[in-house]
Amino acid sequence: MRFQFLFILALVFSLAVFAMVQPAGYPSPPPHTNQLFYLQRTHNTNTIVYDLNYENGRLHTDEPIHAYWIRYQEKGQKEELSYIQRKFAYGVKSRKITDKEYELNIVAYKKMKMYLKHGADGKFHVFTNINKKPSILTSIYLEMKKGGSFWSPDIEYVDVTGIDPDTNQPVKERIKI
């Protein structure tokens with residue numbers, strides 16, 4: 001009974017967090033067991049999803065995160081990132097700290113350090129500082145100005161959204177770039 005209550009409570013807070021980050025008309029990727037967080041941006045509703053990368057039932061130690069598109073602007077299909085997108089924009093670089101902890105960063109923005117590690121629930125989560133406090137990352141939204149290019153986008157701000165692991169409350173920080 002307690003587990004069901006905690007599960008429902010976590011689900012309600014997760015939905016509240018999704019509502020905090022998304023602009024009107026942006027879909028939420030359907031949550032699933034391996035999903036860690038997702039990234040959206042102003043250009044369109046296509047979404048990059050970041051999942052745990054399991055191989056034969058074990059976490060892939062060289063690449064613990066798998067990033068891919070959900071192409072909502074087309075048919076909602078799943079599609080792999082291109083080589084350029086993986087290596088220069090939306091891919092994740094990881095460094096193994098221990099068997100159960102990795103330091104991560106999105107390749108296009110090395111300043112935002114993230115850590116893949118177990119939370120209090122025993123599951124892997126991506127932790128990063130939101131409002132100067134370690135939090136479980138759930139989504140990132142990039143607000144881009146018109147202009148710029150793939151190699152040099154003109155980003156106005158980044159909304160980082162997550163969950164405070166101590167209180168299970170949603171947290172959000174806007175970072176001006």
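Data for the structure
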read-out	value
Among (1) out of contact with any Phe, Trp or Tyr (no Cβ under 6 Å at 6 or more places or on another chain); (2) surrounded by 14 or more Cβ atoms within 10 Å (Cβ to Cβ), the one test that Y115 misses	(1)
Residue check, K93 modelled with pLDDT under 95 and among the basic types (K, R)	no
Leading residue by the ranking (farthest from the chain's Cα centre (by Cα)) among those in segment 107-138 that are part of a strand (DSSP E or B) and closer than 17 Å to E156 by Cβ	K111
Whichever residue in segment 153-177 is buried (at least 16 other Cβ atoms within 10 Å of the Cβ), modelled with pLDDT under 95 and among the β-branched types (V, I, T) and, among such residues, is farthest from F88 (Cα to Cα)	V158
Hits in segment 54-68 (condition: modelled with pLDDT under 90 and either within 22 Å of Q85 (Cα to Cα) or not in a loop (DSSP other than H, G, I, E, B) (or both))	E55
So Y102, is it assigned to a strand (DSSP E or B) and either surrounded by 17 or more Cβ atoms within 10 Å (Cβ to Cβ) or in contact with a Phe, Trp or Tyr (Cβ under 8 Å, 6 or more places away or on another chain) (or both)	yes
Positions within segment 93-119 being in contact with an Asp or Glu (Cβ under 9 Å, 6 or more places away or on another chain) and touching a residue at least 40 places away in the same chain (Cβ under 8 Å), in sequence order	L116
Given (1) in contact (Cβ under 8 Å) with a residue 24 or more places away in the chain; (2) of a type in the set (S, T, Y); (3) part of a strand (DSSP E or B), number of the condition Y90 does not satisfy	(3)
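The values are calculated or read from the model by the stated rules, or taken from the named source; none is laboratory data. Here the structure is a predicted model, which means the values were calculated and not measured. Here the Cβ is made from the backbone with ideal geometry for all residues, glycine too, and neighbour counts use every protein chain on show.
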